[in-house]
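The values are calculated or read from the model by the stated rules, or taken from the named source; none is laboratory data. Bear in mind the structure is a predicted one, so any value in this text is a computation, not a measurement. Here the Cβ is made from the backbone with ideal geometry for all residues, glycine too, and neighbour counts use every protein chain on show. Only protein heavy atoms, including side chains, enter the accessible area calculation; ligands, DNA and RNA are left aside. Shrake-Rupley method; radii C 1.70, N 1.55, O 1.52, S 1.80 Å.
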Amino acid sequence: MSPHDRLAADTGMGAVTLRVADPDRMTAFYTDGVLLSVLSRSGSRTVLGRGTVPVVVLEHAPELRHAGAHEAGLFHTAVLFDTRADLAAALWSVATRWPESFTGSADHLVSNAFYFQDPEGNGVELYWDRDRTEWSWTHGSVDMATVFLDPNAFLREHLTQDAVDHAAGRPGRVGHVHLSVGDVGTAREFYVDRLGFDATAGWGEALFVSAGGYHHHMAMNTWNSRGAGRRQLALGLGLVRIEVPGVDDLGALTERMHDHGVQTADDGRTVAFEDPWANRIEVTAPGRG
């Protein structure tokens with residue numbers, strides 16, 4: 001494939017929008033637990049983030065119901081922390097205030113990760129990356145694994161009072177977004193062949209994709225959703241945002257999607273489209289709008 005067919009190396013992920021039934025409870029989880037801050041509120045919309053960077057957008061949708069357990073949608077939103085101390089502060093906070101939300105932890109070789117479910121069942125990963133010089137690649141695939149990671153030992157080694165006290169101003173962002181889909185082959189065709197990510201790993205029923213040699217900006221699995229069709233409007237995932245570095249990159253992506261017959265909408269600020277399971281994707285670039 002030519003460079004024109006791939007996403008730019010500096011592509012990253014933006015804030016994930018969640019449609020929620022109880023915005024107060026959800027805001028409490030992400031602020032008191034995950035240590036995000038309220039960046040703005042407007043009507044039914046609350047933007048939460050780290051520093052000045054939006055991470056999660058909550059949209060109150062009381063008219064909607066929860067999706068079924070085996071439908072396509074969000075598997076988890078992964079919040080990336082710059083240091084292990086910052087990750088430890090968030091881990092300690094959410095595990096202390098919302099202990100029932102903890103679902104597991106792992107050393108993935110490229111990262112340390114801790115997993116939770118928010119009060120409405122949306123998956124959340126909190127993680128820290130090892131330096132890229134420590135990652136290993138084999139025949140174009142990044143080496144990842146699931147090795148036991150003791151959360152208590154991690155806290156003993158890395159938790160600092162300074163990271164807890166100053167969490168609101170510390171960096172953090174969406175590192176990747178993991179989706180539940182109906183089948184991996186269709187996911188590869190859409191996210192790699194059409195959208196322009198590179199495939200970085202495959203674990204049976206899961207596909208990992210990225211731009212610029214990252215371990216993964218997005219992942220798709222069928223662990224709970226094999227055979228799922230298009231989503232109906234429901235609580236949960238409302239929107240995945242991808243951020244490309246320039247207007248020309250956004251133009252190339254839009255042209256590529258048109259060439260593949262993907263219907264897009266452009267409001268002057270973002271280009272939006274749906275994946276095969278009706279997960280809405282919005283792509284934006286600095287300087288648009």
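Within region 160-202, which residues are modelled with pLDDT under 95 and open to solvent by less than 10 Å² (accessible area, probe 1.4 Å)? Matches in region 160-202: Ala163, Ala167, Gly172.
Matching residues to (1) assigned to a helix (DSSP H, G or I); (2) in contact with a Lys or Arg (Cβ under 8 Å, 6 or more places away or on another chain); (3) among the acidic types (Asp, Glu):
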position: Gly121; (1), (2), (3): no, no, no
position: Glu125; (1), (2), (3): no, no, yes
position: Trp128; (1), (2), (3): no, yes, no
position: Thr133; (1), (2), (3): yes, no, no
position: Met144; (1), (2), (3): no, no, no
position: Leu149; (1), (2), (3): no, no, no
position: Phe154; (1), (2), (3): yes, yes, no
position: Ala163; (1), (2), (3): yes, yes, no
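Within region 23-52, if we keep just the residues that are open to solvent by 30 Å² or more (accessible area, probe 1.4 Å) and touching a Pro at 6+ places or on another chain (Cβ under 7 Å), the residue that is farthest from Ser111 (Cα to Cα) turns out to be Arg25.
Could you tell me which of the residues Ala219, Ala272 is open to solvent by less than 10 Å² (accessible area, probe 1.4 Å), at pLDDT 95 or above, over 29 Å from Ser141 (Cβ atoms) and under 22 Å from the mean Cα position of the chain (by Cα)? The match here is Ala272. Give all pairs with beta carbons closer than 7 Å in which a residue from region 186-202 that is on the phi > 0 side of the Ramachandran plot and assigned to a loop (DSSP other than H, G, I, E, B) meets a residue that is surrounded by fewer than 23 Cβ atoms within 10 Å (Cβ to Cβ) and not aliphatic (A, V, I, L, M); count only pairs at least 6 apart in sequence or on separate chains. From residues that are on the phi > 0 side of the Ramachandran plot and assigned to a loop (DSSP other than H, G, I, E, B), the pairs are Gly196/Asp5; Gly196/Arg6; Gly196/Arg256.
In region 117-134, the residue that is surrounded by the fewest Cβ atoms within 10 Å (Cβ to Cβ) out of those that are free of Cβ contacts under 8 Å to residues at least 60 places away in the same chain and closer than 25 Å to Gly238 by Cβ is Gln117. Would you say Gly196 is of a type outside the set (Ser, Thr, Tyr) and out of contact with any strand residue (DSSP E or B) (no Cβ under 8 Å at 6 or more places or on another chain)? So Gly196 passes the test. Looking at (1) within 22 Å of the chain's Cα centre (by Cα); (2) exposed (fewer than 13 other Cβ atoms within 10 Å of the Cβ), which one does Asn152 not meet, given that it meets all the others? Only one criterion is unmet by Asn152, namely (1). Take the residues in region 222-248 that are more than 16 Å from His76 (Cβ to Cβ) and under 19 Å from the mean Cα position of the chain (by Cα), then tell me which one is most open to solvent (accessible area, probe 1.4 Å). Top of the filtered list is Glu243.
The requirement of being within 22 Å of Leu18 (Cβ to Cβ) and not small (Gly, Ala, Ser) is not satisfied by Glu189. Consider region 81-110 and keep the residues that are assigned to a strand (DSSP E or B) and open to solvent by 10 Å² or more (accessible area, probe 1.4 Å). The one that is nearest to Arg25 (Cα to Cα) is Phe102. Against the list (1) assigned to a strand (DSSP E or B); (2) open to solvent by less than 50 Å² (accessible area, probe 1.4 Å); (3) over 18 Å from Glu120 (Cα atoms), the condition Leu58 fails is (3).
Selection of region 237-286 for residues being of a type in the set (Lys, Arg) and not in a strand (DSSP E or B) yields Arg256, Arg269. There is no residue in region 10-20 that is touching a residue at least 24 places away in the same chain (Cβ under 8 Å), small (Gly, Ala, Ser), surrounded by fewer than 21 Cβ atoms within 10 Å (Cβ to Cβ) and not in a strand (DSSP E or B).
Pairs meeting the criteria (first residue in region 227-253 and without any contact (Cβ under 8 Å) to a residue 60 or more places away in the chain, second residue hydrophobic (A, V, I, L, M, F, W, C) and not in a strand (DSSP E or B), beta carbons under 6 Å, at least 6 apart or on different chains) are Val247/Ala285; Leu250/Val244; Leu250/Ala285.
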